[in-house]
1. Which percent of the accessible heavy-atom area of region 127-168 goes to carbon and sulfur, probe 1.4 angstrom?
2. Evaluate the relative contact order of region 138-236 (contact order divided by residue number), counting alpha-carbon pairs under 8 angstrom at least 6 apart; express in whole percent.
3. Considering only DSSP beta bridges whose two residues both sit in the chain, what percent are antiparallel, to the nearest 5?
4. Averaged per residue, what accessible area in Å² does region 228-310 show with a 1.4 Å probe, protein chains only?
5. Applying 1/(1 + (r/R0)^6) with R0 = 25 Å to the Cβ-Cβ distance of HIS431 and ALA393, what FRET efficiency is obtained, to the nearest 0.05?
6. Below 10 angstrom from the Cβ of HIS461, what's the summed charge of the other residues (Lys, Arg +1; Asp, Glu -1)?
7. Roughly what would the spin-label model give for GLU66 and GLU16, points 7 Å off Cα along C-beta, in nm?
8. Tabulate in residue order the Karplus-calculated ³J(HN,Hα) for region 161-178, using 6.51 cos²θ - 1.76 cosθ + 1.60 with θ = phi - 60°, rounded to whole Hz; enter x for Gly and Pro.
Amino acid sequence: MTYEDARTTLKTCGQEHALRHWAALNEMQREALLDQIATLDPALVAELSQSLGAGDETGTSHPDIEPADVVRLAQQPATRADARARGEQALRDGKVGVILVAGGQGTRLGFDGPKGAYPLGPITNMTLFDIHARKILALERLYQTNIPFYVMTSQTNDAATRAFFTEHDGFGLAPENVRFFIQGMLPAFDADGKIVLDAPDHLFLSPDGHGGTLSALAKTGNLDDMKQRGLSTLFYFQVDNALVQVADPEFIGRHLAADADMSLKVCAKRDPEEGLGMVVKKDGGLAVVEYTELTREQKYATRPDGELKFLFGSVAIHVFSREFLAREADAGLPFHRAFKKVPFCDEHGRTVTPEQPNAYKFEKFIFDALPDARNALLLEFARGQEFSPLKNAAGADSAEAARRDMMSKWAGWLEQAGIPVPRDARNTPVHKLEIDPCYAVSAEELKAKLPAGFRVDGDLHLR
Ligand code: UTP
């Protein structure tokens, strides 16, 4: 892109100020800035900038929502075996792929590197990427199949993510079955709708949200790749969930039996104020409503049996039909905006880190596909078995909490297999535990593998 092209592009969307430091830039800086400007979609920039004049959406409310119908845990045993067999067959037939979204910036965790490279195994320090990849490898071995793995990164962590996989030989997965794709980036806008520069030669850009998965899959040719490989069904999850049951056969089987476009695993809120997006009936269909958009009355409303009325939240564990992903990629998801602290460049060309929010960031959310699904299945899961996200450096949702949750899950598996697990007065396992996914991906598999007379009398690493 030339300087003239850049001026024309910026003019069409009212952003000529992005070149205001041009005269002071050297050749390399000029080239870098032009490269960034070339990635902008001027029609989208104009649309987002103008949307800021349309008022604030923080007061959005949903007076007419009702709880969505959920397949409850208590209802599940009756149909569990059938569903499982159906999902296992789809896996054996090579119809299932896995999508991992790992393009986020992990701001709260503050880890130097992609979040997937965080060491989390209680004994081995195995990283999140390794844990996820070995779950796929375990299923490939179990069902004698290929499970293509689509990993979404962003410009900020793509090179580091690929390098991490290469360094670790792809964690044992066949290289032709692991496909990285980069999500889109979007500028931030100040209150006047102007794109923020964080240096004289640099636009502040950030990933376009996990909803960016759909357009990125389409743009990078991965929807075509899925079609060519004969995949019908895609399991979707987020990089920070150490407990996720990747490509859970029973979930896939239920999704297929329901002929669903999109399925969601949902869990009960811990308390009325927990920040989980609620799955609800809205405008004749289903939707996920952010917890900030529920009134206090809705958050605390109860049913006659005392259970919360709006109880079930989505934690971004989904199954999609490939055809639905393609339809939604064409349809496009809406943008959500948030007022955030965004570093900016002052009139002297110095970068300032603001103490207060100063600019709008836009993101798309994957759950906004739900209202378009013709059939959708909502399946309750037990949180302690499948959800423990690594979000924070300390406290709730920290690495320490995730390790504790992993060990508690494995202790439960051992106990289900009839093996006593020594616990302290607070019911925490006394010894460290770690079970490699390639040893067992479920309590049933563990039980079948453990030798007779097995005992836990020290730290235990099963692999
Ligand atoms: P979060 O919204 O929790 O963001 O992402 P994050 O990057 O992990 O952490 P913070 O908020 O900056 O502290 C949930 C999941 O969605 C992915 C993340 O990688 C994570 O797996 N994600 C998020 C993307 O892939 N792209 C995005 O633009 C945003």
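The values are calculated or read from the model by the stated rules, or taken from the named source; none is laboratory data. Predicted model, so just to flag it, every value in this text is computed and none were measured. So basically every Cβ, Gly included, is an ideal-geometry build from the backbone, and we count neighbours across all protein chains shown. These area figures cover heavy atoms from the full protein model, side chains too; ligands, DNA and RNA do not enter into them. Shrake-Rupley method; radii C 1.70, N 1.55, O 1.52, S 1.80 Å.
1. 49
2. 23
3. Counting DSSP beta bridges with both partners in the chain, the antiparallel share is about 60 percent.
4. Normalised by residue count, the accessible surface of region 228-310 is 39 Å².
5. Numbers: r = 26 Å, r/R0 = 1.05.
Efficiency, rounded to the nearest 0.05: 0.45.
6. Details: positive: LYS432, ARG463; negative: GLU434, ASP436, ASP459.
Net charge around HIS461: -1.
7. 5.6
8. Each residue of region 161-178 in turn: 5, 4, 4, 5, 5, 4, 4, 10, 6, x, 6, x, 7, 5, x, 6, 9, 10 Hz.
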